[in-house]
Amino acid sequence: MADPVTAASGRESFDEAYRRGITDELPPPPRRQRALPPAPFALRGAVITPEGAWSNGYVTVADGRIDRVSRRRPTSVPVHDTGGVILPGLLDLHGHPEFNVFAAWEPPKLYANRYAWRRSTAYKQLVRDPQNALRDAVPPQTQTRYAEVRALVGGVTGIQGAASASSSSGAEPLVRNLDRWIFGAHRARSLVDLPSGNFGKESFDRIVAHIAAGTVNAFYLHLSEGRRGDDVSTEEFQRFLDLGAATPATNIIHGSALTAAHLNDAADAGCRLVWSPQSNLRLYGETTLAAEALRRGMPLALGADWLPSGSTSLLAELKVARRELARQEHALPAADLVAMVTSVAARVAGLDEHLGSIAVGRPADLLVLERHHRDPYENVCLADPSWVDLVCIGGDITYARADWFDTLSGGASGGAIEDLVAWGKPMRLDTGFQSPATAPSPSLTEIRALLTSAYPPVGPIFA
């Protein structure tokens, strides 16, 4: 099936950025040493552990890793009482980060499938043309780094989808890029579209071969994104099956047009689902039969998609998912919802040996939220980015309350520290790295200046 967008308009830079996935193994990026605190410390608060939530516990961080998780107060390290909820950093399993510099787009109508809005005049004027202009005007990585800050301040420590030429392929990311080089390997691949005729078929076949060989354990694929009953989306699912893409490593992104029977076929093949309900509802007026997927045992993770049609944060997406599951008569406990953005998300990403749980020996990717509810899980489900008190990635204090930052970081920093007011709360952000292998990372102020000079209505982060 020919891509209607490409057939109508040729390969513009926007289309190339949107369509480009990761089909081959990437080289490791230049490494920067994160600015680790010079001495261990412990955080006290309600702790969400793999076994359940503790109302009061302690997480000790040393040399960038979780050194101890205990109900007893440690005596050998300083303890910082957060008064909050401590959980693994959130994992956003579907996005197009370079487009998260834009404000939300108001679709003028509902569409049958993704190809329809991709060729619309309104979308071209509001997103495609500005993106093309930005790609010509700002240095590579600028848009992605801005999007990484946006994700970070919402509690996200890992994102999927930084896959275009403006991504962080040539530099160490601020937050972890889950489908790129990570933990010493590149074991994920991604595609926006199935191959069209012979175009992309060779790369696609290499992905399937890697999955069969066990060298790829996560394959992200946009599939059947549209309304149920849409012929284009139905045909796409059949092509997906015919091409042999339904595997235990396959992460179906969207699948909003899939029927219960389609989901049953996908579940039988071992596929997993990445769900972005907000974007689906705004573009198509309906979303994936997520309840059916869960009933059939499909692991389900969430993604905020992108700002033009998705949620402003993964925490906001979590609320949409909760309401939609209740509407589909499959309300979930708060603990299961939290798992969709932590432990289950790590499993879907093929990274559950490293991320998604607070456990001894894991990288210290931690999030601390203000506590406003007795139940720690419910507290996470109710939270918004203004509740974020601390984000720690690999032991590096990357974003924290201004009155906590120096105490916890021990003075270690990457040299790009800024004081911010985030939804009325004084916060401190570190976008730099210690001992950079390449040029120092720009500050948020510098990134914002570059973007707004080329495109003044850049979507704000703290709004």
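Taken together, the values in this text are just the output of simple stated rules run on the coordinates, not laboratory data. All of these numbers come straight from a predicted model, not from anything done at the bench. Cβ coordinates were reconstructed from backbone atoms using ideal geometry, including for glycine residues, and neighbour counts include every protein chain displayed.
Under 16 Å from a point placed 7 Å out from the Cα of ALA185 along the Cα-to-Cβ direction: which residues of region 337-352 have their backbone N that close?
From region 337-352, the list is 346-352.
Give the cross-link partners of LYS425 among the aspartates and glutamates, using a straight C-alpha distance below 14 Å as the criterion and excluding same-chain residues fewer than 8 apart.
Here the aspartates and glutamates satisfying the reach criterion relative to LYS425 are GLU370, ASP384, ASP389, ASP403.
For TYR284, what is the net charge nearby, where nearby means another residue's Cβ is under 12 Å from its Cβ and Lys, Arg count +1, Asp, Glu -1?
Surrounding charge for TYR284 is +2.
Classify region 327-463 as rounded, prolate or oblate, taking a ≥ b ≥ c as the square roots of the eigenvalues of its Cα gyration tensor: rounded when a/c is under 1.5, otherwise prolate if a/b is larger than b/c and oblate if not. Don't skip to the end; give the middle numbers.
Values: a/c = 1.72, a/b = 1.44, b/c = 1.20.
The shape class here is prolate.
Need the C-alpha centroid separation for region 211-237 versus region 112-154, integer Å.
Value for the Cα centre distance between the two parts: 23 Å.
Under a 5 Å amide H to amide H cut-off, with H placed in plane at 1.01 Å, what residues pair with PHE219 once short-range neighbours are removed?
The list, which skips near neighbours in sequence, is ARG189, THR250, ASN251.
Near the amide H of SER309, under 5 Å away, which other amide H atoms are found, from residues 5 or more places off or on another chain, if H is placed in the peptide plane?
Close amide H contacts, sequence-distant or interchain: TRP105.
From the backbone phi of region 243-252, what are the Karplus-calculated ³J(HN,Hα) couplings (6.51 cos²θ - 1.76 cosθ + 1.60, θ = phi - 60°) in whole Hz, Gly and Pro given as x?
For region 243-252, the Karplus curve yields 7, x, 8, 7, 9, x, 9, 7, 9, 6 Hz.
If you take every DSSP beta bridge whose two residues both sit in region 240-391, what share of them, in percent to the nearest 5, is antiparallel?
Values: 3 of 9 bridges.
Beta bridges within region 240-391, antiparallel portion: roughly 35 percent.
Taking θ as phi - 60°, what are the ³J(HN,Hα) couplings along region 305-321 by the Karplus curve (6.51, -1.76, 1.60), each to the nearest whole Hz, with x for Gly and Pro?
6, 8, 5, x, 9, x, 8, 6, 7, 5, 4, 5, 4, 4, 5, 5, 4
5 Å is the cut-off here: which amide hydrogens, built 1.01 Å from N in the peptide plane, fall below it relative to GLY226, excluding neighbours closer than 5 in sequence?
SER256, ALA257
Please list 65-71, 425-431 highest first by mean number of surrounding beta-carbon atoms within 10 Å per residue. Let's see the in-between values first.
Values: 65-71: 17.0, 425-431: 20.7.
Final packing ranking: 425-431, 65-71.
Specify whether the C-alpha gyration tensor of region 116-244 places it in the rounded, prolate or oblate class, a ≥ b ≥ c being the square roots of the eigenvalues: rounded for a/c under 1.5, otherwise prolate if a/b is larger than b/c and oblate if not.
Oblate.
Fewest first, what order do SER224, SER190 take by the number of other Cβ atoms within 10 Å?
SER190, SER224
Length gain on complete extension for the stretch ASP268 to HIS373, per 0.36 nm per residue less the alpha carbon to alpha carbon distance?
Gain on extension, ASP268 to HIS373, equals 33.9 nm.
Based on DSSP, what percent of beta bridges with both residues in the chain are antiparallel, to the nearest 5?
Values: 40 of 66 bridges.
Given both bridge residues lie in the chain, the antiparallel proportion sits at roughly 60 percent.
Only sites in a loop by DSSP and with at most 15 other Cβ atoms within 10 Å count here; which GluC sites (Glu not before Pro) in region 324-412 make the cut?
GLU329, GLU353
Mind checking which lysines have their Cα closer than 18 Å to the Cα of LYS109? Skip sequence neighbours fewer than 8 apart in that chain.
LYS124
DSSP loop trypsin sites (Lys or Arg not before Pro) in region 74-122 with at most 10 other Cβ atoms within 10 Å of their Cβ, which ones?
Loop-located and lightly packed - LYS109.
Tell me, what ³J(HN,Hα) does each residue in region 101-108 have, in order and in whole Hz, if you take phi through Karplus 6.51 cos²θ - 1.76 cosθ + 1.60 with θ = phi - 60° and put x for Gly and Pro?
8, 9, 6, 4, 8, 9, x, x
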